[in-house]
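Notes to accompany the following structure.
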Amino acid sequence: MKSLSLLELEGLILSGLIQRLEIVDCEHPNNVRLSKFVGTLSDGTKIVTECYEYVRLSRIYLVFTNYIKFR
């Protein structure tokens with residue numbers, strides 16, 4: 001799996017190179033829900049981001065899905 005920053009992932013989405021994107025939970029230290037993006041590029045390469053707070057990531061996910069929907 002290739003590790004990407006959120007900015008790099010956004011660039012790939014805007015370029016139309018992301019085929020699939022989902023949110024996956026990470027470990028939960030100190031009762032804080034952490035999640036990450038896991039996805040697949042159009043060439044089949046698997047990508048992953050760092051773990052972030054779920055609340056933050058879920059809002060970013062809504063933006064990213066709108067990018068995918070309207071490209």
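No lab work stands behind these numbers, since they all come straight from the coordinates. These figures come from a predicted structure and were not determined experimentally. We place every Cβ from the backbone using ideal geometry, glycine too, and count neighbours over all the protein chains shown.
Within region 42-56, identify whether any single residue is of a type in the set (S, T, N, Q), at negative phi and outside any loop (DSSP other than H, G, I, E, B), and answer yes or no.
No, every residue in region 42-56 fails to be of a type in the set (S, T, N, Q), at negative phi and outside any loop (DSSP other than H, G, I, E, B).
Which condition does LEU34 not pass, out of (1) surrounded by 16 or more Cβ atoms within 10 Å (Cβ to Cβ); (2) out of contact with any Cys (no Cβ under 6 Å at 6 or more places or on another chain); (3) not small (Gly, Ala, Ser), if it passes all the others?
LEU34 satisfies every listed condition except (2).
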